[in-house]
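The structure appears below as C-alpha cells.
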Ligand code: ASP
C-alpha cells in the first residue's frame, strides 16, 4: 500500500499535529515517492512554525545555516550549512540529480543553489530571534547549565522536519533543518549525514529528529533500517528510541507493509495512505 509519514520535530508541540497530517494527505498525491517526500518537506520549510527553511533556528552568532538531504535506494543528495535559500530540500534534490556530487557545504552549496536558479531568501523570523534571545538570557543568568547537560537539552526545541514514503513500489526519504538552537556557526547535525538522520534502501526508509550529536553517535537511521523485517517496525523504533533515555529523539520509518512514528517527546506526525 502506498503511504507517507511526516514528522514536524521532536518538540512536544501539539499544535503542529493537524498541520502535519494535512500536509501528509496533500503530499501523498505529489507523484513518485521522491516527489512526495520533497513536496512534504517543502510545505513544512515554507511554514514558519517549523525549524526548517523559513523559521529555522539561529546559531549563537545570530546567523542561520540549514542542512537538508534526500535519499532513495542507491542515491543521495545533501546540503550542509546552506544560507539564504528558501527551500534547502530542493537544492539537496538538485545535488543528487543535477550534480556529480552527493554533498555540498557552505559557500559552495549557496553558489550551486544560485546556479540552479534559487534566489536569495532570508529565512529569519521573529520567533527564531526571540528563541535565541531567550536561551542566551537564561544562559547568562545561570538559569541553565551550558551545553549538553540534560537540563540544557530542554532548551533545544527540535522542530526539524522529515518525510519517508513508499509509493508505486519505491522508497524515498527527505529531511530539512535549521539545526538545534544555540549551536556554534558551522555545526552540522545528523540530518544531512546518511545513516544518521536519514536512510533509504530497498527495504525501507528512515528519518530521525532530535539532538543530532547523539543521533550521529548511534547512526540511528541506519540501525533502524538494518533491522527492518526482523521484528515489527514500531518495536524496532521504540527499542532504539528508548536507548536515548531523556535525550530528545524521534524517528519515522516505512517498509513495504508497515509505517510508524516514535518519539520520547510528543512529536507531531502525520500518516497518509491510499
Ligand atoms: N536533528 C536536528 C539537528 O541536530 C535537529 C532537530 O531534529 O530538530 O540538527
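Readers should treat all values here as calculations from the given coordinates under stated rules, not as data from a laboratory. Just so we're clear, the structure is a prediction, and the values are computed from it rather than from any experiment. Neighbour counts are summed over all protein chains in view; Cβ atoms, including those assigned to glycine, are modelled from backbone coordinates with ideal geometry.
Key figures for this structure:
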{"read-out": "Over the chain: helical MRE at 222 nm, DSSP H runs n ≥ 4 each giving -39500 (n - 2.57), nearest 500", "value": "-9500 deg cm²/dmol"}
{"read-out": "Value of relative contact order over region 122-270, rounded to a whole percent, pairs C-alpha under 8 Å and six or more apart", "value": "18 percent"}
{"read-out": "Where labels lie 7 Å past Cα in the beta-carbon direction, separation of residue 101 and residue 143 in nm", "value": "4.1 nm"}
{"read-out": "Rough spin-label spacing in nm, given labels placed 7 Å along Cα→Cβ, for residue 134 and residue 1", "value": "3.8 nm"}
{"read-out": "Net lengthening on full extension, residue 26/residue 75 (0.36 nm per residue, minus Cα-Cα)", "value": "15.1 nm"}
{"read-out": "Ranked packing of 53-59, 101-107, 266-272, most packed first, by mean Cβ within 10 Å", "value": "53-59, 266-272, 101-107"}
{"read-out": "log10 of Debye I(q)/I(0), alpha-carbon scatterers only, for the chain at 0.07, 0.14, 0.17 Å⁻¹", "value": "-0.21, -0.86, -1.29"}
{"read-out": "Gap separating the Cα centres of region 63-79 and region 227-274, nearest whole Å", "value": "21 Å"}
{"read-out": "Mean Cβ count within 10 Å, highest first, over the residues of peptides 111-121, 182-192", "value": "182-192, 111-121"}
{"read-out": "Three principal axis lengths of region 173-252 [C-alpha, angstrom, descending]", "value": "40, 27, 16"}
{"read-out": "Length added when fully stretched, residue 231-residue 184, from 0.36 nm per residue minus Cα-Cα", "value": "13.0 nm"}
{"read-out": "Packing-based order for 169-181, 226-238, using average beta carbon neighbours within 10 Å, highest first", "value": "169-181, 226-238"}
